[in-house]
2 protein chains.
Amino acid sequence: MTRALTRDVVLTHPDGRPLADTDVTLSQVSHAFSFGSTGFELIDLANADDVEHSDPDAADRALAERWLAVFNTATLPFYWQQVEAEQGRPQTERLLTAARWFADRGVRVKGHPLAWHTLAPTWLQPMSADEVEAAVRARIRRDVPAFAGLIDTWDVINEVVIMPVFSNEAALEGDVGPNALSRYCRERGRIATVRMVFDEARAADPSATLLINDFNLGTAYECLIEGLLEAQIPIDAIGLQSHMHQGYWGEERVLDICDRFARYGLPLHWTETTLVSGDLMPPDIEDLNDYQPTSWPTTPEGEARQAEELERHYRSLTSHPAVEAITYWGLPDTGAWLGAPAGLLRPDGTPKPGYDTLERLIREEWWLAPTTARTDAAGQVTLTGWAGDYRVIAPDFETTVTVA
Amino acid sequence: MTRALTRDVVLTHPDGRPLADTDVTLSQVSHAFSFGSTGFELIDLANADDVEHSDPDAADRALAERWLAVFNTATLPFYWQQVEAEQGRPQTERLLTAARWFADRGVRVKGHPLAWHTLAPTWLQPMSADEVEAAVRARIRRDVPAFAGLIDTWDVINEVVIMPVFSNEAALEGDVGPNALSRYCRERGRIATVRMVFDEARAADPSATLLINDFNLGTAYECLIEGLLEAQIPIDAIGLQSHMHQGYWGEERVLDICDRFARYGLPLHWTETTLVSGDLMPPDIEDLNDYQPTSWPTTPEGEARQAEELERHYRSLTSHPAVEAITYWGLPDTGAWLGAPAGLLRPDGTPKPGYDTLERLIREEWWLAPTTARTDAAGQVTLTGWAGDYRVIAPDFETTVTVA
C-alpha cells in the first residue's frame with residue numbers, strides 16, 4: 001500500500017465565505033506516522049540550552065540539527081537504575097528539561113521503559129515480591145504524571161517473554177541471583193506482572209499510549225500477547241524491537257512479522273531499529289550482548305549496504321497498514337549499543353549515506369513540499385499526502401489542515 | 001528426592017480383628033507413576049488376539065512380553081487422518097480392541113491426540129473456520145465417550161505453540177496452503193482454540209485427565225500456558241515432549257525444564273521421550289523431520305550411551321516431585337519415528353542394554369519384590385515403596401493396600 005491519502009479540503013475565509021478560485025500554498029508541517037529516534041544523545045544539549053549564557057558543545061548542536069531534520073519522535077531513557085540509583089532520590093529534572101526541549105521543537109516524546117529486569121535498581125534486589133510490587137507501582141505513579149503532557153507514549157514493560165527466566169547480569173552486579181523483577185515475574189506470572197504495571201500506568205495517565213515491547217518476535221511473544229489480550233489488559237500498541245546487527249532481515253520476514261502481530265488488531269510500533277554500517281555480527285551469537293569487539297568501525301561498503309537496507313526496511317514497514325511508528329535506535333555511532341556502527345552519523349559527525357536516505361524518504365518523497373494549488377468555485381482544493389498536518393497559505397490568511 | 005514412601009499399615013482379619021504378630025508377604029502390584037510407551041506396535045497383535053484360533057505373529061508376541069514386563073501405560077494413536085480418512089467413517093474398532101487388550105492386562109491407556117494440525121484429515125482442508133470447529137467438536141464428542149472407561153488420559157491438543165504459524169506439509173498433501181486447523185487457530189487465536197477443544201473434551205468425559213502437549217519447552221510454551229490458565233481452561237497436566245535425537249539434554253537442563261513448568265502447579269507428563277542408540281542427528285537441524293537418512297543403524301557404542309543416558313534421564317525425572325508420567329516413544333526400532341534407532345529393542349527384537357536398564361529401574365530398584373514382614377501386636381506393619389498398589393498375603397487371606 002501507499003500511505004499517501006487524497007483529501008478534498010474546503011477552504012473558507014475567516015468570516016466563513018468560501019475561498020473561491022484562489023491560489024493557495026500547501027505545505028506539510030508534520031507526519032502523523034512516528035519517525036523516531038532515541039533522544040538520549042541530546043539530553044546534555046537540552047540541559048545546556050536550559051541555562052542562560054551557556055555555550056553548548058558545537059558537535060551536540062550539529063547533532064541536534066541533523067536529528068530535527070529527519071525525526072519527529074524522541075525516545076527518552078527511563079532506565080530505573082539511572083533515574084533512581086538511590087531509592088527515593090529520582091533524577092528526573094534532566095529528563096524533564098530534555099522532554100520540554102523536544103516538545104518545544106514539535107517533537108513527540110516517548111518514555112522507555114517503566115519496568116524492565118535489566119537496569120533495575122540494585123536497591124530492589126533484597127526486596128520481597130510485595131515490596132518489589134510496591135516499589136514498581138510507586139515509580140510508575142511518580143514518573144508518569146510528572147511527564148504528563150510531555151510524554152504521551154510509554155514502553156510500560158520491556159522484554160516480558162524472558163523476564164521470569166532471565167539470569168542476572170553477573171558482570172554488572174556480581175552474583176546476586178535472579179534480579180528482583182525476574183523473581184517477581186516468575187513468582188506472580190507474566191500476565192499478573194503486566195497487568196500490575198499497565199493498571200498503574202493507565203491510572204497515572206489515562207490518555208497515554210501504553211506499549212509492551214520485546215525483542216522476541218516469535219511464537220513466544222504471540223502467545224504472551226494472546227494471554228494478555230484474553231486477560232483484557234489495556235495494551236494500546238505492540239512494540240517490536242529489531243536490532244539487526246547480524247544482518248538485514250529482508251522484506252519477506254519483516255512483513256511476515258507485521259502480518260503475524262497485526263492480527264491482534266493493535267498498532268505496531270517498530271521500537272528499536274538498527275542496521276550496522278560495518279561488519280555484521282556473526283550469525284551464531286544468540287545474545288547480541290555477547291559480541292562486543294574492541295573496535296567495530298563503519299566501512300564504505302557497510303555504509304552503502306546500510307543505506308540500501310534502510311530504504312528497503314522503511315519502505316516495507318510503511319507499506320504495512322498496521323505499522324504506525326518506526327524508531328531508529330540511535331543517530332550517532334558515538335555511544336551506540338555494543339559499540340556497533342549502527343548510527344547514521346559517523347563518529348566525526350558526518351552523515352552516512354543512510355542518513356541521507358532517511359532524510360530523502362521522510363522529508364522529501366513522503367513529504368509535501370510547498371505546492372501551489374487553486375481552489376474551485378466552492379473553495380475546494382485537493383490535497384494528496386501522508387496523514388499529518390498541512391499549512392495552507394492563502395493571500396490574506398493562513399490555516400492548518402489535518403489529514404487523517 | 002526419592003519417591004519411596006514409608007507407610008504404617010494396619011492389617012485386620014476379614015472379621016475386623018487385628019492381624020497381630022503374624023508374618024505376611026508384601027509385594028508390589030502396580031506403580032501409581034506412569035511408566036509408559038507407545039502401544040502403536042501392539043495394535044495388530046491385540047486385534048489378532050481378539051479373533052478365535054488366530055495365530056498371532058511370534059515376533060509381536062515377544063514384543064508384547066517385553067512391553068508388559070516394563071511399562072504400565074500405553075499411548076494409542078488417534079491421528080485424525082488415520083482414524084477418519086473418510087469423513088463420517090471412523091475406524092475406531094481396531095483401537096477399541098487394542099485399548100481393551102491393554103486394559104485387560106492392567107495397563108492404563110492414553111489417547112494421542114484429539115486435535116493437531118499435522119495429520120489432520122484432508123477433507124477438513126476446504127472447510128470454513130466454523131465448519132472446522134464443528135468437525136473438531138464432533139470428533140471429540142464421538143471418540144472420547146467411545147473410549148470412556150478404557151482411556152482415562154487424553155492429549156487433547158498437540159503443539160499449539162506453532163499451530164497458527166505452521167506451514168502445511170507440502171510433501172504429504174501437495175501445496176494446499178495452511179492446513180485447516182492452523183487457519184482456524186490463526187483466525188480464532190490459540191486460547192480460543194484450546195478452550196474449544198478442552199470444553200468439548202471435558203464435557204465428553206468429565207473424569208478424564210486432559211493434557212496439552214508440546215515439543216516447545218521454552219518461553220513460548222510458558223507464555224501459552226500462562227494465558228490458558230489465566231483463561232481458566234481446565235488443563236489437568238502439562239505434556240512435555242523430549243525427542244532427543246540430537247543428544248541427551250543432561251540433568252541440569254531437564255530439571256530446569258521441570259522447575260520452570262512445575263511453577264504452574266500442574267503435574268508434568270514427559271509424553272514423548274526418545275534417546276537414540278546410533279549416530280546423533282547433527283545439531284544444526286532445526287526441525288527434526290528434516291533429517292531422515294536412508295539408513296540409521298543402532299551401534300554398540302550408541303546402545304551403551306543410550307542405556308547410560310536412559311538411567312540418568314529416568315532418575316532425574318523421577319526425582320522431581322511434579323513429574324507423574326514418562327512415556328518412552330516406541331519400544332522397537334522397527335517403525336520408529338524418522339527411522340531413528342530410538343527404540344529399546346533392535347530390529348531383530350533383541351533387547352538393547354537400555355531395555356534392561358529400564359526394566360531394572362522400574363521393576364527391580366523402584367519395585368517391591370515379595371518381602372516378608374511381621375505385624376506387631378496391633379496388626380501394624382511398615383511398608384516402604386513407591387506409590388501404588390501392594391498385595392498383602394497373610395496365612396488365611398489376601399488383601400490389597402494402596403500406598404499414596
Over all distinct alpha-carbon pairs, what is the Kirkwood Rh of region A:317-357 in angstrom?
-> 11.4
For region B:288-310 and region A:118-133, compute the distance between their C-alpha centroids and round to whole Å.
-> 47
If you average over every viewing direction, what projected area does the convex hull of the Cα atoms of region A:255-404 give, in nm²?
-> 12.7
Could you please point out the chain B residue with its Cβ nearest to the axis of the rotation taking chain B onto chain A, and the distance in whole angstrom?
-> B:GLY227, 1
Computed on Cα atoms only, the convex hull of chain B has an orientation-averaged projected area in nm² of 22.2
Averaged over residues of A:270-280, the number of beta carbons from other chains lying within 10 Å of each residue's Cβ is 0
In peptide A:189-197, how many Cβ atoms from other protein chains are near each Cβ within 10 Å, on average?
-> 3
Nearest-first distances (nm) between copies at A:ILE393, label 7 Å from Cα via Cβ = 10.8
In the Gaussian network model of chain A, springs joining C-alpha atoms below 10 Å, which of A:PRO353, A:PRO206, A:PRO234 carries the largest mean-square fluctuation?
-> A:PRO206
Add +1 for every Lys or Arg and -1 for every Asp or Glu among the other residues with Cβ under 13 Å from the Cβ of A:GLU230, and state the total.
-> +1
For chain A, set up a Gaussian network in which alpha carbons nearer than 10 Å are linked by springs, and say which option among A:LEU19, A:LEU344, A:LEU280 fluctuates the most.
-> A:LEU19
Mind jotting down the distance between the C-alpha centroids of region A:329-404 and region B:176-228, whole Å?
-> 46
Rounded to a whole number, what is D in µm²/s for region B:147-288 from Stokes-Einstein with the Kirkwood radius over alpha-carbon pairs (10 °C, 1.306 mPa s)?
-> 96
Largest-first ellipsoid semi-axes for region A:120-225, taking √(5λ) over the Cα gyration tensor eigenvalues, angstrom = 23, 18, 12
Once Lys and Arg are counted +1 and Asp and Glu -1 for all other residues with Cβ under 10 Å from that of B:MET127, the total becomes -2
Evaluate the relative contact order of region B:170-289 (contact order divided by residue number), counting alpha-carbon pairs under 8 angstrom at least 6 apart; express in whole percent.
-> 23
Could you work out the relative contact order of region B:76-144, using alpha carbon pairs under 8 angstrom and six or more residues apart, expressed as a whole percent?
-> 41
Using the 7 Å Cα-to-Cβ label point, sort the distances from A:ALA103 to its equivalents in the other copies shortest first and give them in nm to one decimal.
-> 7.1
At what distance in angstrom do the alpha carbon centres of region A:4-25 and region A:49-83 lie from each other?
-> 38
Enter the accessible area of A:GLU365 (Å², nearest 10), with the probe set to 1.4 Å and all protein chains included.
-> 100
With each run of n ≥ 4 DSSP H residues scored as -39500 (n - 2.57), what mean residue ellipticity at 222 nm is computed for chain A after dividing by its residue count and rounding to the nearest 500 deg cm²/dmol?
-> -10000 deg cm²/dmol
In percent, what relative contact order does chain B have, based on Cα pairs under 8 Å that are 6 or more apart in sequence?
-> 26
When the convex hull of its Cα atoms is projected in every direction, mean area for region A:327-395 (nm²) = 6.7
Hey, what's the per residue convex hull volume over the C-alpha atoms of region A:1-70, in cubic angstrom?
-> 190
Per residue of B:224-237, how many C-beta atoms from partner chains lie within 10 Å of its own C-beta, taken as a mean?
-> 4
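Per the Kirkwood treatment, what hydrodynamic radius in Å, one decimal, follows for the protein assembly as shown from the mean inverse distance over all distinct Cα pairs?
Computed over the protein assembly as shown, the radius equals 30.9 Å.
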5 Å binning of all Cα-Cα separations within region B:1-158, expressed as whole percents from 0 upward | 2, 7, 14, 16, 13, 12, 10, 8, 7, 5, 3, 2, 1, 0, 0
Using only Cα atoms, what is the ratio of the radius of gyration of region B:228-324 to 2.2 N^0.38 Å?
-> 1.25
How far is B:ARG374 from the same spot in each other copy, in nm, shortest first, if each label point sits 7 Å from Cα toward Cβ?
-> 12.2
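The values are calculated or read from the model by the stated rules, or taken from the named source; none is laboratory data. What you see is a predicted model; the values in this text were computed from it and never measured. Ideal geometry is used to build each Cβ from the backbone, glycine not excepted, and the neighbour counts take in all protein chains shown. Surface areas here come from the heavy atoms of the whole protein model, side chains and all, with no ligands, DNA or RNA. Shrake-Rupley method; radii C 1.70, N 1.55, O 1.52, S 1.80 Å.
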